[in-house]
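*Asks:* I have a structure I would like to understand better, so I am pasting it below and will then ask my questions one at a time.
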Protein chains: 4
Amino acid sequence: MKTREIRVGSSVIGGSAFSVVAGPCSIENQKQLMTVANHVSERGAAMLRGGVFKMRTDPKSFQGLGKDALPLIREAKAATGLPFAVEVADPSHIEFFADDVDVLQVGSRNMHNYYLLKELGKTRKPIILKRGLAAHLKEWILAIDYIVAGGNEQVILCERGIRTFEPELRNTVDLAGAVWAQQKSGFPVILDPSHGTGSPDLIAPMAKAALAAGLDGIMVEVHPNPACALSDGFQALTLENFDQLITGLHPIAQALGKKISRNGSSEQK
Amino acid sequence: MKTREIRVGSSVIGGSAFSVVAGPCSIENQKQLMTVANHVSERGAAMLRGGVFKMRTDPKSFQGLGKDALPLIREAKAATGLPFAVEVADPSHIEFFADDVDVLQVGSRNMHNYYLLKELGKTRKPIILKRGLAAHLKEWILAIDYIVAGGNEQVILCERGIRTFEPELRNTVDLAGAVWAQQKSGFPVILDPSHGTGSPDLIAPMAKAALAAGLDGIMVEVHPNPACALSDGFQALTLENFDQLITGLHPIAQALGKKISRNGSSEQK
Amino acid sequence: MKTREIRVGSSVIGGSAFSVVAGPCSIENQKQLMTVANHVSERGAAMLRGGVFKMRTDPKSFQGLGKDALPLIREAKAATGLPFAVEVADPSHIEFFADDVDVLQVGSRNMHNYYLLKELGKTRKPIILKRGLAAHLKEWILAIDYIVAGGNEQVILCERGIRTFEPELRNTVDLAGAVWAQQKSGFPVILDPSHGTGSPDLIAPMAKAALAAGLDGIMVEVHPNPACALSDGFQALTLENFDQLITGLHPIAQALGKKISRNGSSEQK
Amino acid sequence: MKTREIRVGSSVIGGSAFSVVAGPCSIENQKQLMTVANHVSERGAAMLRGGVFKMRTDPKSFQGLGKDALPLIREAKAATGLPFAVEVADPSHIEFFADDVDVLQVGSRNMHNYYLLKELGKTRKPIILKRGLAAHLKEWILAIDYIVAGGNEQVILCERGIRTFEPELRNTVDLAGAVWAQQKSGFPVILDPSHGTGSPDLIAPMAKAALAAGLDGIMVEVHPNPACALSDGFQALTLENFDQLITGLHPIAQALGKKISRNGSSEQK
């Protein structure tokens, strides 16, 4: 189906595009971010991502660079011309990111945080709304209303796996549920196979599956050296993995009449 | 086991007490609140509860009285001498309730909202921390740390049922998990069988079970006329149901050497 | 509520009794079984249990004594006067156990095995019907019909924990669901807290909870030396644990007007 | 990845094929079966399927044609030249189907029925092993061993959705788990999107996703008139739906260098 188009800078999510959002789990330093940003931009990514304030289960874990990340975000945007998405975990972050960040992301732990959603409805930035760990599909769809009620209709849904009895994989990707949400809401839906599976061997198969099933894109974590990542390195793609992923998507996209590029057109570097 | 004692006014939660926290789902008007408050106080409740800002899945549902509830809370406290617990769903609520509310409750949808937990750690009020819909037991325990890190060690855990495949009941009460959390953390744990089961026929059996299993109390919803409740009436106890519940708890409490009263001592009206 | 009484030898399950079914996970040898059988009988157990054919996930694990267990079962019954329950995992087991076993148990992995249930409906022995790992409560109740359709109305339901997202405990005990099944079906329901929790520290609290919630009994695994058990030793009670469990149940039973003995009467060794 | 090839008649499952297994939920009568069999055969199906003994949760529901189905199966095989798969729910069915059925299917309710698996290990027919409703991925893989231990290495795994908290769809398709099982076991894995989603609108997207993710095929339910089906009509494809499904698969298959035909080669009617 053709979902509504969400435009941000020169990029488009939804419509007939299949968009790749990529970047590190956490922004760690200039070299890490610029390496990843330049690399994924050259392969056709439509948007950059990177964590600034990390909500970790364990309060003693690395919690993100905070304001030191802002100049790095500006530099990555300038170098690539791509928009940048960052997670907001508290209403105060909206103001914090006002000048530098293009797309605000709601993490799975905050999908039910209706106060945050209302505040995001007052902004004029596109919102990536991740599904809650155990959110019913209907609750996910209703959460859109909290944002739209404020006048902001630029919502991108993101399936990132749900919590089930299965211990082998980090989460259970509910791809059929993501397609259902797309069909019922008309908003674009992307898949995060990095959090969804927690396993690099399954990211490429699930990215292809998302494309074939008709979703609007994927969000993946990429790190120059996953073994040294300060958060979630076990599920990050190397630069080489990322290239293989993109290479694997192209023939399927072509068969479906879609383009993997920042605006869904055939122009690609 | 004997958990740490949380004192609030003349009431005690934890230690050797078995405490009953009771009140309506939402505060609706003076008559409703005062009827319930006086009734449960006379039967030995240790704390009142009532919703002021309701986080509803559907943004069109009744969302609570807001500031009109504050004078009603003051009146109920004055009439009964009991402390009052209200859910905070946003950091701004902490200031809002500063003068009138004794205990701040974190709902299941906010257990993972670490920014809210950090703010609550800076207060000096006891916190009721409900388990998330799909929170691992270890995540629940770790969430305590976010509050304690701010210097506030007055935490009461509350099990309110988890989300499972079972469609018959509203949630699945994880009583064994609640006992595990109590044993591992040493903090008092109470059970909310109203949300846990969503069924009045199961509230009394589960309240007795919580007592026998060694938990520190229960939190129940009571309404003078459940059929007319503005929220969750289907799971509220009538005043008569509440009396039967308390009557059923007394012999078990006695057999276990516990008292159902505001301070765990044998004094009872 | 008062459930229908299932009589087997001089023991009664259901009605106003609270029955303890106890024995080793697997029957391993004469000394092990006789030690446990004599011990639990003296403390008021109403029925013995022990595995003969074990359905293990890993086909290389210990699979039970098979026919070598039969003379041991006869000896344990003769010494204690108690009935003996064994799991049947295949229709051929019904004939195999015809002379020696009093109660046939359907394991959680077979609750949906309707061919087995139909064959059990043709016997005239009481059936313990465990809930499936992920069986809906209504499916559990409907499974009774497959047995009753054959003319056998002696069914005892057994809740043994369901499979959820929670990794800390072996299963999630659905005590409220067990009470629901008892209320809806009128058949007796017992709890297996050994499989339900997989943790000896939680067995006694959950046994007390089952009693207080109004269930009809418990089934527990006991082993003289859990560390050496050939199956599931990690969740077995020692003889001393078992004594503490029974001692803890007595005052609650007394408060509720129930007796822990083989026939629910006050006669006890 | 390239899985082991399972040959049955002139059809191949696994290897580099993407195989379509199709037929009605239950065989109802000659006209119904022949209409579906001829139709799906002409579109490239590799195998027919149809239920003979249905294990229904409610014992009063339609339970299948039993032996009256056998001549219909023979006729469908003769007309199409395709092999036929039927579910066996009891060891006695193995002998019952010995002459007429080519592939024996283990339903999700029997994945843990190790006695049935052992009996199937003694046959020399390919086995379709569906994942249990709440089976761990490792348990699914280990269940293969029960069949292989008897000398039968012709196993096809089938993911048909797992039971989760989500009420909107019949089950939650665990596509990433299916890929994991394929990677770990080396056996072919097919997807049943009919049971997996319970919704015709989601069957085609999930079939394409299975193909793109690298699975070895799909199994779908087709009925000439779903509204009149005696079982599970709500999830059956019409003949027209089936054509659209196949038409949608071809370009993706081509892009991946796969053929949708009975033997994975380019020959197609």
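The values are calculated or read from the model by the stated rules, or taken from the named source; none is laboratory data. Since the model is a prediction, treat every value here as computed from it, not as a measurement. Positions of Cβ are generated from backbone atoms using ideal geometry, with glycine treated the same way; all protein chains shown enter the neighbour counts.
*Asks:* Residue under question is A:V12, and the condition is that it be among the hydrophobic types (A, V, I, L, M, F, W, C), assigned to a strand (DSSP E or B) and in contact with a Ser or Thr (Cβ under 9 Å, 6 or more places away or on another chain); does it hold?
*Replies:* Judged against the criteria, A:V12 is a match.
*Asks:* With the checklist (1) surrounded by fewer than 22 Cβ atoms within 10 Å (Cβ to Cβ); (2) in a loop (DSSP other than H, G, I, E, B) in hand, flag the one item D:H112 doesn't pass.
*Replies:* The single condition D:H112 does not satisfy is (1).
*Asks:* Related question: Looking at (1) crowded, with 18+ Cβ neighbours inside 10 Å; (2) facing chain D (nearest Cβ under 9 Å), find the lone condition where C:R131 falls short.
*Replies:* Against the list (1) crowded, with 18+ Cβ neighbours inside 10 Å; (2) facing chain D (nearest Cβ under 9 Å), C:R131 comes up short only on (2).
*Asks:* Take the residues of region B:76-94 that are within 14 Å of chain A (Cβ to nearest Cβ) and part of a helix (DSSP H, G or I): which is surrounded by the most Cβ atoms within 10 Å (Cβ to Cβ)?
*Replies:* Restricting attention to region B:76-94, the residues satisfying the condition of being within 14 Å of chain A (Cβ to nearest Cβ) are B:87-94.
Narrowing further to those that are part of a helix (DSSP H, G or I): B:92-94.
On the way: B:S92: 13, B:H93: 19, B:I94: 17.
Restricting to residues being within 14 Å of chain A (Cβ to nearest Cβ) and part of a helix (DSSP H, G or I), the top hit is B:H93.
*Asks:* If a residue must be outside any strand (DSSP E or B) and touching a helix residue (DSSP H, G or I) at 6+ places or on another chain (Cβ under 7 Å), how many such residues does region B:15-37 contain?
*Replies:* Within region B:15-37, the first condition is being outside any strand (DSSP E or B), and the residues that meet it are B:16-18, B:24-25, B:27-37.
Pick out the ones that are also touching a helix residue (DSSP H, G or I) at 6+ places or on another chain (Cβ under 7 Å) and you get B:18, B:24, B:27, B:30, B:33-34, B:37.
Residues that pass the stated criteria total 7.
*Asks:* Further question: So, of the residues in region A:213-225 that are within 14 Å of another protein chain (Cβ to nearest Cβ) and in a loop (DSSP other than H, G, I, E, B), which turns out to be surrounded by the fewest Cβ atoms within 10 Å (Cβ to Cβ)?
*Replies:* A:G214
A quick yes/no check of all residues on (1) within 14 Å of another protein chain (Cβ to nearest Cβ); (2) in contact (Cβ under 8 Å) with a residue 12 or more places away in the chain; (3) in a helix (DSSP H, G or I):
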| site | (1), (2), (3) |
| --- | --- |
| C:A210 | yes, yes, yes |
| C:A227 | no, no, yes |
| C:F234 | no, yes, yes |
| C:P251 | yes, no, yes |
| C:G264 | no, yes, no |
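*Asks:* Further question: Of the conditions (1) touching a helix residue (DSSP H, G or I) at 6+ places or on another chain (Cβ under 8 Å); (2) more than 30 Å from A:D145 (Cβ to Cβ); (3) of a type outside the set (D, E), A:F187 satisfies every one except a single condition; which number is it?
*Replies:* All conditions are met except number (2).
*Asks:* Let me ask something else about it. Which of the numbered conditions does C:P167 fail, given that it passes all the others? Conditions: (1) in contact (Cβ under 8 Å) with a residue 60 or more places away in the chain; (2) surrounded by fewer than 24 Cβ atoms within 10 Å (Cβ to Cβ).
*Replies:* (1)
*Asks:* Within 28 Å of D:I141 (Cβ to Cβ), more than 7 Å from every other protein chain (Cβ to nearest Cβ), without any contact (Cβ under 8 Å) to a residue 60 or more places away in the chain and not charged (D, E, K, R): is that true of A:Q244 in this structure?
*Replies:* yes
*Asks:* Can you tell me which condition A:V101 does not meet? The list is (1) modelled with pLDDT under 95; (2) in contact with a helix residue (DSSP H, G or I) (Cβ under 8 Å, 6 or more places away or on another chain); (3) not in a helix (DSSP H, G or I), and all the others hold.
*Replies:* (1)
*Asks:* (1) more than 14 Å from every other protein chain (Cβ to nearest Cβ); (2) in contact (Cβ under 8 Å) with a residue 24 or more places away in the chain: which one isn't true of B:L137, the others all being true?
*Replies:* (1)
*Asks:* Given the conditions (1) free of Cβ contacts under 8 Å to residues at least 60 places away in the same chain; (2) facing chain C (nearest Cβ under 10 Å), and given that B:Q183 satisfies all but one, which numbered condition is not satisfied?
*Replies:* (1)
*Asks:* Can you name every residue in region C:212-225 that is touching a residue at least 60 places away in the same chain (Cβ under 8 Å) and either on the phi > 0 side of the Ramachandran plot or over 17 Å from the mean Cα position of the chain (by Cα) (or both)?
*Replies:* Across region C:212-225, the qualifying residues are C:G214, C:G217, C:P224.
*Asks:* Can you name the condition, by its number, that A:V52 falls short on among (1) in contact with a Lys or Arg (Cβ under 8 Å, 6 or more places away or on another chain); (2) crowded, with 24+ Cβ neighbours inside 10 Å?
*Replies:* Going through the list (1) in contact with a Lys or Arg (Cβ under 8 Å, 6 or more places away or on another chain); (2) crowded, with 24+ Cβ neighbours inside 10 Å, A:V52 breaks only (1).
*Asks:* Let me ask another. Looking at D:V148, D:V179, D:V155, D:V220, which is the one that is modelled with pLDDT of 95 or more, out of contact with any Lys or Arg (no Cβ under 7 Å at 6 or more places or on another chain) and within 24 Å of A:I162 (Cα to Cα)?
*Replies:* Just one listed residue meets the conditions, D:V179.
*Asks:* Another question, then. If we keep just the residues of region C:148-176 that are over 18 Å from A:A134 (Cβ atoms) and at the interface with another protein chain (Cβ under 7 Å from one of its Cβ atoms), which is farthest from the chain's Cα centre (by Cα)?
*Replies:* For region C:148-176, the residue satisfying everything is C:A149.
*Asks:* Take D:P205 and tell me if it is free of Cβ contacts under 8 Å to residues at least 24 places away in the same chain, touching a Pro at 6+ places or on another chain (Cβ under 9 Å) and surrounded by 24 or more Cβ atoms within 10 Å (Cβ to Cβ).
*Replies:* Numbers: free of Cβ contacts under 8 Å to residues at least 24 places away in the same chain: yes; touching a Pro at 6+ places or on another chain (Cβ under 9 Å): yes; surrounded by 24 or more Cβ atoms within 10 Å (Cβ to Cβ): yes.
So D:P205 fits the description; yes.
*Asks:* Among A:L215, A:L230, A:L211, which is touching a strand residue (DSSP E or B) at 6+ places or on another chain (Cβ under 7 Å) and at pLDDT 95 or above? It would help to see each step written out before you state the result.
*Replies:* Working: A:L230 fails: at pLDDT 95 or above; A:L211 fails: touching a strand residue (DSSP E or B) at 6+ places or on another chain (Cβ under 7 Å).
A:L215 is the lone residue from the list that is touching a strand residue (DSSP E or B) at 6+ places or on another chain (Cβ under 7 Å) and at pLDDT 95 or above.
*Asks:* Would you point out which residue out of A:S19, A:S41 is away from chain B (no Cβ under 14 Å), among the polar types (S, T, N, Q) and crowded, with 24+ Cβ neighbours inside 10 Å? Spell out how you get there, then give the answer.
*Replies:* On the way: A:S41 fails: crowded, with 24+ Cβ neighbours inside 10 Å.
Being away from chain B (no Cβ under 14 Å), among the polar types (S, T, N, Q) and crowded, with 24+ Cβ neighbours inside 10 Å holds for just one of A:S19, A:S41, which is A:S19.
*Asks:* Just to check your reading of the model, which residue among D:P188, D:P193 is within 16 Å of the chain's Cα centre (by Cα) and either at the interface with chain A (Cβ under 9 Å from one of its Cβ atoms) or under 19 Å from A:I252 (Cβ atoms) (or both)?
*Replies:* Details: D:P188 fails: either at the interface with chain A (Cβ under 9 Å from one of its Cβ atoms) or under 19 Å from A:I252 (Cβ atoms) (or both).
Testing whether each residue is within 16 Å of the chain's Cα centre (by Cα) and either at the interface with chain A (Cβ under 9 Å from one of its Cβ atoms) or under 19 Å from A:I252 (Cβ atoms) (or both) leaves just D:P193.
*Asks:* Please go through region B:56-75 and pick out each residue that is surrounded by 20 or more Cβ atoms within 10 Å (Cβ to Cβ) and assigned to a loop (DSSP other than H, G, I, E, B). Outline the logic, then answer.
*Replies:* Within region B:56-75, the subset surrounded by 20 or more Cβ atoms within 10 Å (Cβ to Cβ) is B:64-65, B:69, B:72-73.
Answer for region B:56-75, where residues must be surrounded by 20 or more Cβ atoms within 10 Å (Cβ to Cβ) and assigned to a loop (DSSP other than H, G, I, E, B): B:G64, B:L65.
*Asks:* Right, something else. Among the residues in region C:7-18, are any within 20 Å of C:H195 (Cβ to Cβ), among the aromatic types (F, W, Y) and modelled with pLDDT of 95 or more?
*Replies:* yes
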